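Engineer: Mind looking over this structure? Questions follow.
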Amino acid sequence: MKKIVSMFLMVVLVLGMMSTTAFAANAEDNSPYGFTWYDDNAHVWHVQYYEYDSRAGAYRISDRVVIKDNLLYDMAGTLIVSDLAEFSEEKQTVVFDEDGLHFVSNAGETRYMSESINNTYKVSSFVSKYFTTDVEGLGEKAIGKNSSKKLSSLTFSGSYLRHTDPAVTNSMVKMYAVEGDPEKIGYDAYYNGNIIVTTYAKDSNVWVETVQRLLSDTCKGGKFVGYNGQYSVLLYDFTNLTVYEFWYKEGFLTAHPVVSNVIVYYFTKNAYGFINGIVTDKGTYGVDETINFPASQVPGNNGGNNTTPVGNVTEVKNFQSKSMAYDGATHLGTLSLKSKKLYWKGVEQANSYESSEFGVTASCRPVWINGNDDLYVNGQFIASNALRLKYDDNGRVMQYKSSDGVWHNID
């Protein structure tokens, strides 16, 4: 049985499932909220962040993490850090607010990520013990040894890999930043001290360098999670709730379902970095971690290139603080509002201050109307005295309204 931490938040959750008519009168009623609870079956804490999707007319979980002892896992079930400070209902060391995810290390380091599935985090100079939350369940203050600070007043800097790996010994998996890019992570699988498979992951794209193949092009929505003992690649499609295995012996050609219709909490790994378990809402599934490298069947280079297709936008999920663009189940990019400025794929957009409306077009271009009523598309000035944007049934920006009342198409 699941233990609900906050009855107030459960009331908010129930209200979020009601007809959107009740919220139409006041936009503030659609503000985001946090929800924290303990799963007695899996023995883990869940910290969830809900935002109102104005196009769908309902609240959705836009980000979530799972806590197991000192381990913090992201929305895809992959490890963020292994040095999390002890979490409890009274002293929460992990919280969401409108800016993103905040968490504290066991050494008191205050850390921040805009989204849990980012490959890096930033650090504040303020040393924390835990966080307090407001009535909406969102992070409010960082509590230090002798003082406290509002989360909104903290500044974060740097770019740090989610976790580090030991030196290579015999057969193991090692993680590192590729070509100095902290957002592009390489995963080398070793056998007897030699690299057997190299996989690169950046955003939601998974590229097996060994055979020059983009797996996330075959497995829409997939997120790289690691290797099993047979050097096959495992991906979790957290849109379709399925874990897939791409076999080494096949050259990673086919997505083989391992377990379906489950919400993955996290993946367990042995001391050498190979996956040995999948912990889900329906129980734990074992994964064979016995090293069994098929030496006579080394995959060849089957061609291809490392160019990530942009794709057309089939749906945009529009929240009050961000617009998330998708091609099917593949996340193409997020346009987010932070401190009254817009960020497209994490990059601050010039001339976006105090934007009243924003979104993404079908061609995957960010659009906004700033505080001066100027319309910008993909960073380029389009028109002045713009009044509002119009969205199609899939949440994509399609038109803007000029001051003379005429609607104009946006390509």
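Engineer: In debye, nearest 20, what is the charge dipole magnitude of region 100-225 about its Cα centre with +1 on Lys and Arg Cβ and -1 on Asp and Glu Cβ, if you could check? Mind showing how you got there, number by number?
Structural biologist: Details: 14 positive and 13 negative charges, 77 e Å.
Its charge dipole is roughly 360 debye.
Engineer: From the C-alpha coordinates alone, can you work out the Kirkwood hydrodynamic radius of the chain, in Å?
Structural biologist: Working: mean 1/r = 0.0441 Å⁻¹.
By the Kirkwood definition, the hydrodynamic radius is 22.7 Å.
Engineer: Could you give each residue of region 205-217 its phi-based ³J(HN,Hα) in whole Hz, using Karplus coefficients 6.51, -1.76, 1.60 with θ = phi - 60°, and x for Gly or Pro?
Structural biologist: Karplus-based 3J(HN,Hα) across region 205-217 equals 9, 10, 10, 8, 5, 4, 10, 6, 9, 8, 5, 6, 7 Hz.
Engineer: Also, I was wondering about something else. Using a ≥ b ≥ c from the Cα gyration tensor of region 214-280 (square roots of the eigenvalues), is it rounded, prolate or oblate, where a/c under 1.5 gives rounded and otherwise the larger of a/b and b/c decides, a/b for prolate? Show your work: numbers first, answer last.
Structural biologist: Numbers: a/c = 1.93, a/b = 1.04, b/c = 1.86.
Oblate.
Engineer: Here's something else I'd like to know. Peptides 246-253, 83-90, 226-233: what's the order by average Cβ count within 10 Å, highest mean first? Walk me through the numbers on the way to the answer.
Structural biologist: Working: 246-253: 19.0, 83-90: 14.5, 226-233: 22.6.
In descending order of packing, they fall as 226-233, 246-253, 83-90.
Engineer: What is the percent carbon and sulfur in the accessible area of the chain, measuring with a 1.4 Å probe over the protein chains and ignoring ligands? Mind dumping the intermediate values first?
Structural biologist: Details: 8960 of 18890 Å².
The computed percentage sits at 47.
Engineer: Residues with amide H under 5 Å of ASP53's amide H, sequence separation 5 or more or different chain, H placed in the peptide plane at 1.01 Å from N; which?
Structural biologist: Hits under the 5 Å cutoff: ALA58, TYR59, ARG60.
Engineer: Mind checking the full-extension length gain between LYS341 and ALA56? Use 0.36 nm per residue of separation minus the Cα-Cα distance, one decimal, nm. All intermediate terms of the calculation are to be shown ahead of the outcome.
Structural biologist: Working: separation 285, 0.36 × 285 = 102.60 nm, distance 2.45 nm.
Gain on stretching LYS341 to ALA56: 100.2 nm.
Engineer: Enter the accessible area per residue of region 77-128 (Å², integer; probe 1.4 Å; all protein chains in place).
Structural biologist: Details: 1820 Å² over 52 residues.
Value returned for region 77-128: 35 Å² of accessible area per residue.
Engineer: Among 255-267, 59-71, what's the highest-first ranking by average C-beta atoms within 10 angstrom per residue?
Structural biologist: Working: 255-267: 17.2, 59-71: 19.1.
Packing order, densest peptide first, comes out as 59-71, 255-267.
Engineer: I'd like the distance between the alpha-carbon centres of region 46-76 and region 337-411, rounded to an integer number of Å.
Structural biologist: That distance is 27 Å.
Engineer: First select every other residue whose beta carbon is under 14 angstrom from the beta carbon of GLY158; then total the charges, Lys and Arg +1, Asp and Glu -1.
Structural biologist: Working: positive: ARG111, LYS122, ARG162; negative: GLU109, GLU183.
Taking every other residue near GLY158 into account, the sum is +1.
Engineer: Taking the chain as a Gaussian network, Cα atoms linked when under 10 Å apart, which of TYR160, TYR200, TYR52 shows the biggest mean-square fluctuation?
Structural biologist: In this elastic network of the chain, the residue with the biggest mean-square fluctuation among TYR160, TYR200, TYR52 is TYR160.
Engineer: Go through 208-214, 171-177, 143-149 and give me the packing order, highest mean Cβ count within 10 Å leading. Walk me through the numbers before you get to the answer.
Structural biologist: Details: 208-214: 19.9, 171-177: 17.6, 143-149: 11.9.
Top to bottom by mean Cβ count within 10 Å: 208-214, 171-177, 143-149.
Engineer: For a quick check of understanding: with a 1.4 angstrom probe and all protein chains in place, what accessible area in square angstrom does SER125 have, to the nearest ten?
Structural biologist: Around 110 Å² of this residue is reachable by solvent.
Engineer: Reachable lysines from LYS340, Cα under 24 Å, same-chain residues fewer than 8 places away excluded?
Structural biologist: LYS122, LYS141, LYS149, LYS150, LYS317, LYS322, LYS390, LYS401
Engineer: Picking from GLY328, VAL397, ALA142, whose Cα lies most toward the positive end of the charge dipole for the chain (charges on Cβ: Lys, Arg +1; Asp, Glu -1)?
Structural biologist: My answer, from the dipole projection, is ALA142.
Engineer: Relative to the longest principal axis of the chain, what angle (0 to 90°, nearest 10) does the C-alpha long axis of helix 7-16 take?
Structural biologist: 70 degrees
Engineer: Whole number in Å², please: accessible area per residue of region 332-411, 1.4 Å probe, ligands, DNA and RNA not counted. Before the final figure, lay out each step's value.
Structural biologist: Working: 4090 Å² over 80 residues.
That works out to 51 Å² for each residue.
Engineer: Still on this structure: From the protein chains alone at 1.4 Å, what is the descending order of accessible area for HIS43, HIS408, largest first? Walk me through the numbers on the way to the answer.
Structural biologist: Details: HIS43 105, HIS408 60 Å².
Reading off the accessible areas and sorting them downward yields HIS43, HIS408.
The values are calculated or read from the model by the stated rules, or taken from the named source; none is laboratory data. Being a predicted model, the structure only gives us computed values, none of them experimental. In this analysis, Cβ positions are derived from the backbone assuming ideal geometry, glycine residues included, and neighbour counts consider all displayed protein chains. For accessibility, only protein heavy atoms count, side chains too; no ligands or nucleic acids. Shrake-Rupley method; radii C 1.70, N 1.55, O 1.52, S 1.80 Å.
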